[in-house]
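Here the structure comes first, spelled out in structure tokens, and everything after it is commentary.
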Amino acid sequence: FSYTEQFGNYVKVGNMVHAQFYLRATASGTTSNSTQMNGFPFTSADLSPFNQWGGSAWISNDINSTLLKARNNTAAQVYKNKSGTPDTLDAAELSGVYFVGSVSYRTA
């Protein structure tokens, strides 16, 4: 997906980052790939064997979503919660929606 508007801010205290974001998403076509948000301000710590952090986000078409941050990375995967199991978002679900959320994570 891409976006037509984006806003965000973050606060870093020691090795912890709290970031907030707002996107107006656009998407086209179909995909079975996961949706990814790139460009978080700091690389996450490599806390093997687990993924770094989870965050929450609201999507304006009432999809309950979860962010999952990989270790040693500045990106997060976006999943919808479907029957208690993470599932990929498809392009039709992201077209023209607002995507608002926040995350906290430990830096590398």
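Rule-based calculations on the coordinates, nothing more; no lab input. As the structure is a computational prediction, the values presented were derived from the model and not from experiment. Please note: Cβ atoms are built from the backbone with ideal geometry, for glycine as well, and neighbour counts cover all protein chains shown.
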*Taking amide hydrogens as modeled 1.01 Å from N in the peptide plane, which residues meet the under 5 Å criterion relative to residue 89, leaving out close sequence neighbours?*
35, 80
*What FRET efficiency, computed as 1/(1 + (r/R0)^6) with R0 = 35 Å and r the Cβ-Cβ distance, is obtained for residue 10 and residue 48, rounded to the nearest 0.05?*
0.90
